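Bear in mind these aren't lab numbers, they're just calculated from the coordinates by the rules spelled out. The shown structure was predicted, so the numbers you read here are calculated from the model rather than taken from an experiment. Neighbour counts are summed over all protein chains in view; Cβ atoms, including those assigned to glycine, are modelled from backbone coordinates with ideal geometry.
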Amino acid sequence: MSTMTDSRLSTANTAEELGTSPTATLHHDNHPPEASRYVAQDTSTRLANPNGKADVGKHTSDLVVDWDGPDDPENPKNWSFRRKWAATAIISGFTFITPVSSSMVAPATGQLATEFGIHSSAIIAFTTSIFVLAYAIGPLFLGPLSEIYGRSRVLQLANLWYLVWNLVCGFAQNESQLLGFRFLAGLGGSAPLAIGGGVLGDCWHPEERGKAIALYSLAPLLGPVIGPIAGAWIAERSTWRWVFWSTSIVDAAIQVLGLFFLQETFAPLLLERKAKTIRLSMDVEKAPHKTVRTIFDGKQDHSWSAIMTKSLVRPFTLFAQEPIIQLLGVYMAYLYGLLYLFLTTIPSIFEGIYKQPVGIAGLHYIALGVGLTGASQLNAGTMDKIYVHLKNKNGGVGKPEFRLPSMFIGTVLLPIGLLITGWTVEAHAHWIAPDIGIALVGAGVILNFQCIQTYIVDGFTLYAASALAAVAFLRSLAGCGFPLFAPAMYSALGYGKGDTVLAVVAIVIGCPAPWVFWRYGERIRNASRHAR
């Protein structure tokens, strides 16, 4: 049986759907009971009564419920690989389909503008980016609420909300309705981005987590790439309304899979279910214990006002107090802004400068997808190996900083790709040249994105959802804002100088980040109240 300290670490972000067995590890606030039917180690006892009755002694005041040792099968970190990957695949599916919706409408904005009489280029761009604006607000509520009511319940209800409003978007009759419906759909669609990282942190040990995070991190970046490719052909061969109806059909299928196969993973909630089972089995008059609680009880106020305060305040508190969230959050916001900037400017490059039709121009999103997918898969295969190698060199002790090596490469590839793209377009070079630059941008974005996501999950285990909500808020604001200023910037500076400005900013913000946290990350985490 693990000690209390080990249990806190092992349960920091984990749990599964509880069965009917009331068996649990019980930590007693005073000395362990002397009854012979209980086996005590250090300050812990294991409930061994086959009848599940919690009449465990006469010398204790509280029973504190924990996992039944480090190999407890109810701990999601001890699930089978098949079960873990099922949860990872469903989470990644949710995380994939909503970003598809965010960008799929971009090639169809011409049809929208004609049908609704929209003449402002800013409003036309806003029909795409308002979905991402909702991403900034949804995680403020959904991330912390998942830490109170559970990951699975909040995630699936939020996805159902997204499904309804995304479907309704296809029936919009004017620009105001479309913008409103898109925003409401985005609120629900933000849940996987806010909660998904926490689910993976619940299920996977740090040395196993790299491949799962790689798949999860690829989904919100590959989704906006596939969306415009499909949207371009839908715009040519059908109506813009099928952009929304088609994504709703796919999401409904993922929702059904989630209802059957996505179980709860959050440790405090699942241990509370264990405690509740024990409470129901107790004889109140004869029970010698004042309370039955989990190791997480007493750490937070569960009143509704406290819940709402935490939901709104904790992500901003993490951003205000944690240098890790500040620097990496700003850099991830820049990455996300660049991604959506490219998503909205690729059509103008290849339709406007290279004079290609809408469907053919949409195929250039494949270059971005190649960079994202190729780098992601290479990184997935090496991230865990690098982590294990560095962990072994460190005496078997792992650190979140061991996730950063790939980020050094990503911070270099990104500005190189920006410079190649901008100046080859400016020179009207063959279309393959800017595609190479776009692919390098995609590779740089995904390498940075995966490392940052994994580092935050490893560094803020119990508060991973709130930490990711803080980061999601920043990056969503950037994802909404960058497409709005891009046309004016390129009109004033041209693609060469415009992308040079973006490359310089990427160097200034991004290149120091992995060096700073590689050298000082552990010291920063040790000084933190939230990081481990």
Could you give me the ³J(HN,Hα) list for region 356-369, computed from phi with Karplus coefficients 6.51, -1.76, 1.60 and θ = phi - 60°, whole Hz, x at Gly and Pro? 9, x, 4, x, 5, 4, x, 5, 6, 5, 4, 4, 5, x
Tell me the label-point distance for the pair residue 261, residue 355, using the 7 Å Cα-to-Cβ offset, in nm and rounded to one decimal. 5.0
How much FRET efficiency would the formula 1/(1 + (r/R0)^6) give for residue 312 and residue 527, where r is the Cβ-Cβ distance and R0 is 41 Å, rounded to 0.05? 0.95
Cut-off under 5 Å, modelled amide H: who pairs with residue 238 long-range: none
Could the peptides 92-103, 503-514 be put in order, highest first, of the mean number of other beta-carbon atoms found within 10 Å of their residues? 92-103, 503-514
Shape of region 449-514 from its Cα gyration tensor (a ≥ b ≥ c, root eigenvalues): rounded if a/c is under 1.5, otherwise prolate when a/b > b/c, or oblate? oblate
To the nearest whole percent, what portion of all C-alpha pairs in region 302-435 is separated by more than 27 angstrom? 46
Quick one: of 276/399; 84/274; 77/391; 211/393; 274/391; 84/399, which pairs are farther than 25 Å apart, Cα to Cα? 276/399; 274/391
Considering amide H positions built from the backbone, and no H for Pro or chain starts, which residues 5 or more places from residue 66, or on another chain, come under 5 Å of its amide H? 25, 26, 27
Once phi for every residue in region 255-267 is put through the Karplus expression 6.51 cos²θ - 1.76 cosθ + 1.60 (θ = phi - 60°), the whole-Hz ³J(HN,Hα) values, with Gly and Pro written as x, are 4, 4, 4, x, 4, 8, 10, 9, 9, 5, 10, 7, 4
Output ordering of 362-373, 485-496 (per-residue mean of other Cβ within 10 Å, highest first) is 362-373, 485-496
Pop out the ³J(HN,Hα) list for region 413-426 in order, Karplus 6.51 cos²θ - 1.76 cosθ + 1.60 with θ = phi - 60°, rounded to Hz; leave Gly and Pro as x. 5, 4, x, 4, x, 4, 5, 4, 4, x, 7, 6, 5, 4
Would you please classify the overall shape of region 418-472 from the alpha carbon gyration tensor, given that a ≥ b ≥ c denote the square roots of the eigenvalues, rounded means a/c under 1.5, and beyond that prolate means a/b larger than b/c while oblate covers the rest? prolate
